[in-house]
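Please read the structure below before turning to the comments.
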Amino acid sequence: MTDSLHPTAARLQERLHARGLAIDVVVLSDSTRTAADAAAACGCELGQIVKSLVFVDGATGEPVVCLWAGDRQVPADELGLRRASADEVRQATGFAVGGVPPLGHERPLRTIVDESLDRFDRVWCAAGTPHAVFEVSRADLVAAIAAAECDAPA
């Protein structure tokens, strides 16, 4: 199936399988660059879209991936984070803004998961390009990441 995928999405699918996630990356004709676009293209609630956003920790200067529900905002100031530039995102993850997946990056990254995603059994995530996504159970996603969780105000 990966033969028809963009090489970046195919590489991500291989990395997800290596992490024990039995998922298939799906390529959509509509863009999934924004959470609203992704929800419309996937036919799901906005909150089911996992936004994979890269920030920089103000204390350490290290990149941090925040996995946030599509209908919520990351409380960056409260977490001591600043939004990473597009170049910083690509350097940290190996992916461009608009297609950053929640895992499978070029190197391990500290990851914070929005607990409000617990509202959903299944979530949708970017898969390396603005048209590639995958669906996964929230529990399986968090287990594969082994992420630290924090709550954020609505």
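Derivation of every value follows stated rules applied to the coordinates shown; laboratory data play no part. A quick note: this is a predicted structure, and the numbers were derived from the prediction, not measured. Neighbour counts are summed over all protein chains in view; Cβ atoms, including those assigned to glycine, are modelled from backbone coordinates with ideal geometry.
Structure summary
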item	result
Residues that are in a strand (DSSP E or B) and either at positive phi or in contact (Cβ under 8 Å) with a residue 60 or more places away in the chain (or both), drawn from region 31-62	ILE49, VAL50, SER52
Filter pass, PRO130 being within 18 Å of ARG11 (Cα to Cα) and either polar (S, T, N, Q) or in contact with a Lys or Arg (Cβ under 6 Å, 6 or more places away or on another chain) (or both)	yes
Breaking point among (1) over 20 Å from GLU14 (Cα atoms); (2) under 11 Å from the mean Cα position of the chain (by Cα); (3) part of a strand (DSSP E or B), for TRP124	(1)
Subset tally (residues that are surrounded by 17 or more Cβ atoms within 10 Å (Cβ to Cβ), among the aliphatic types (A, V, I, L, M) and over 15 Å from the mean Cα position of the chain (by Cα)) for region 31-52	1
Unique residue being touching a His at 6+ places or on another chain (Cβ under 8 Å) and surrounded by fewer than 19 Cβ atoms within 10 Å (Cβ to Cβ) when the list is GLY94, GLY80	GLY94
Candidate set from region 110-124 (those that are in contact (Cβ under 8 Å) with a residue 24 or more places away in the chain and surrounded by fewer than 16 Cβ atoms within 10 Å (Cβ to Cβ)); member that is nearest to VAL27 (Cα to Cα)	ARG122
Residues within region 15-30 that are free of Cβ contacts under 8 Å to residues at least 40 places away in the same chain and either basic (Lys, Arg) or surrounded by 13 or more Cβ atoms within 10 Å (Cβ to Cβ) (or both), tallied	1
